[in-house]
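Below is one structure, written out as structure tokens; comments come after it.
The values are calculated or read from the model by the stated rules, or taken from the named source; none is laboratory data. On a predicted model such as this, the values are computed, not experimentally measured, just so you know. Heads up, the Cβs are rebuilt from the backbone with ideal geometry, glycines too, and the neighbour counts pull from every protein chain shown. Remember, those area values only see protein heavy atoms, side chains included, never the ligands or the DNA or RNA. Shrake-Rupley method; radii C 1.70, N 1.55, O 1.52, S 1.80 Å.
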Amino acid sequence: MFNSILLDELSRHMGSRVLIVTDNYEGEGILMSMVGDLIVLHETEGYGNETTAVNIPVDGINFVRILSTTV
């Protein structure tokens, strides 16, 4: 049940910059999409424009912080 509530809330912040923390991952990036129970985060590496798509299972998330919202 919590997973569906989290997915509903995150769907309102699609395109926003977020920080997501799991037991073995901490990443900051743009919330790009949700497929099933996976969240796709485009993580920016360094100062360049290179991004890496990271798939994060919703049931593994410990913490989410919305850093900025879309305008």
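Data for the structure
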| item | result |
| --- | --- |
| Matching entry among THR52, THR22 (being without any contact (Cβ under 8 Å) to a residue 40 or more places away in the chain and surrounded by fewer than 16 Cβ atoms within 10 Å (Cβ to Cβ)) | THR52 |
| Answer from LEU10, LEU67, LEU6 - the residue that is part of a strand (DSSP E or B) and at negative phi | LEU67 |
| In the range 25-41, the residues that are open to solvent by 60 Å² or more (accessible area, probe 1.4 Å) and at pLDDT 90 or above | GLU26, GLU28, MET32, LEU38 |
| Tally of residues being farther than 15 Å from THR52 by Cα and not acidic (Asp, Glu) across the range 16-36 | 7 |
| Cβ pairs under 6 Å, 6+ apart, first in the range 59-71 and open to solvent by 90 Å² or more (accessible area, probe 1.4 Å), second modelled with pLDDT of 90 or more and not polar (S, T, N, Q) | ASN62/VAL21; ARG65/LEU19 |
